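Asks: Dropping a structure here in structure tokens format, bear with me for questions.
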Amino acid sequence: MKKTAIWIIGLLVAFLGVFTVSAEEATLTLDDIVQKTNLAAYYGGEDGRSEVNMTITDGQGRTRTREFVILRKDVEDGGRQKFYVYFKKPSDVRKMVFMVHKYIEKDDDRWLYLPALDLVKRIAGSDKRTSFVGSHFLYEDVSGRSPTEDEHELVETTDTMYVMKNTPKDPDSVEFSSFTMWIDKKTFIPVKIEYLDKRGKKYRLVEALKTEMVQGIPTVTQSRAQDLLSGGKTVSEFSNVKYDIGLKDSIFTERYLRKAPKAVRN
């Protein structure tokens, strides 16, 4: 009798847990999903640091690698951010720096430091949809695309995913006609993003291949971007990820484009 009672209680707990999740899910609006997805993808913790090993494979199967460190500091949750990317390997990109001051209400400020020329180059807002250091990721993939730039539509809800179609408000500013995101219901991490060209044909795919909990925060630790036309792909592996490390604002200034801060050299 006692075992039966415990079994029944267990069923009730499981049922109530499912009911609570379902009730919470039912109250989510499309705007809620957009906001939670943006926060999960780009705003983990108040700041963060990760080391990245990137393997670029072209359509003929030839590979090359990039190793770099990314620093991120949030100015406001879901709003302004600062990014600092310092390259360590190979030798032709060593000490190169990519820095972004991300805004919501206007175009981002972007800088690229080229050590071979000792040149600091401002990157125009129109360049954010170009290749990130020769990879299949784009500059915009690194710092994120503002949700305000697109119209959003929830096209499907499954047991585990929200499927959301995103259409640019200014179609002439981008090379795609729309992109669809498969968003994990538990973590709100986009696990797959599929892009359509102007003719409505799939041409680009970005995926989160591996997600882990780091300091209680869902974190993508392996991702892949594919060019579906050429067959090329880039895989990024993230290691030594840390959040809330107290990065100083001064790191994200032009002063440190030529002189790397300790936070990337450690």
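Asks: Any idea how many residues of the range 176-198 are loosely packed, with under 15 Cβ neighbours inside 10 Å and farther than 16 Å from Gln35 by Cα?
Replies: Of the residues in that region, 1 qualify.
Asks: In this structure, is Gly231 farther than 28 Å from Tyr113 by Cα, over 20 Å from the mean Cα position of the chain (by Cα) and in contact (Cβ under 8 Å) with a residue 24 or more places away in the chain?
Replies: The answer is yes for Gly231.
Asks: Moving to a separate point now. Would you mind listing the strands (runs of 3 or more DSSP E) fully within the range 157-266 where at least 1 residues are farther than 30 Å from Thr27 by Cα?
Replies: 190-196, 202-214, 217-227, 233-243
Asks: Then there's this: Scan the range 99-129 for residues that are modelled with pLDDT of 90 or more, closer than 17 Å to Asp141 by Cβ and of a type in the set (Val, Ile, Thr) and jot them down.
Replies: Within the range 99-129, just Val100 meets the criteria.
Conditions tested, residue by residue: (1) in contact with a Gly (Cβ under 7 Å, 6 or more places away or on another chain); (2) within 21 Å of Thr187 (Cα to Cα); (3) small (Gly, Ala, Ser); (4) modelled with pLDDT under 85.
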{"site": "Ile6", "(1), (2), (3), (4)": "no, no, no, yes"}
{"site": "Thr20", "(1), (2), (3), (4)": "no, yes, no, yes"}
{"site": "Thr37", "(1), (2), (3), (4)": "no, yes, no, no"}
{"site": "Val52", "(1), (2), (3), (4)": "no, no, no, no"}
{"site": "Thr57", "(1), (2), (3), (4)": "yes, no, no, no"}
{"site": "Arg72", "(1), (2), (3), (4)": "yes, yes, no, no"}
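Asks: Then there is this: Across the range 116-137, which residue is nearest to Tyr195 (Cα to Cα) among those that are part of a strand (DSSP E or B) and free of Cβ contacts under 8 Å to residues at least 40 places away in the same chain?
Replies: That would be Ser131.
Asks: Which of (1) β-branched (Val, Ile, Thr); (2) more than 19 Å from Glu140 (Cα to Cα); (3) over 18 Å from the mean Cα position of the chain (by Cα) does Thr187 not meet, given it meets every other one?
Replies: Against the list (1) β-branched (Val, Ile, Thr); (2) more than 19 Å from Glu140 (Cα to Cα); (3) over 18 Å from the mean Cα position of the chain (by Cα), Thr187 comes up short only on (3).
Asks: Tell me, which residue of the range 59-70 that is out of contact with any helix residue (DSSP H, G or I) (no Cβ under 6 Å at 6 or more places or on another chain) and outside any loop (DSSP other than H, G, I, E, B) is farthest from Ile245 (Cα to Cα)?
Replies: Thr63
Asks: Starting from the range 95-115, take each residue that is within 19 Å of Val174 (Cα to Cα) and list its partners that are of a type in the set (A, V, I, L, M) and outside any loop (DSSP other than H, G, I, E, B), counting only C-beta distances under 6 angstrom and pairs at least six apart or across chains.
Replies: Taking only residues 6 or more apart or on different chains, the pairs are Asp108/Val100; Arg110/Val100.
The values are calculated or read from the model by the stated rules, or taken from the named source; none is laboratory data. From a predicted model like this one, the values you see are computed outputs, not experimental measurements. Ideal geometry is used to build each Cβ from the backbone, glycine not excepted, and the neighbour counts take in all protein chains shown.
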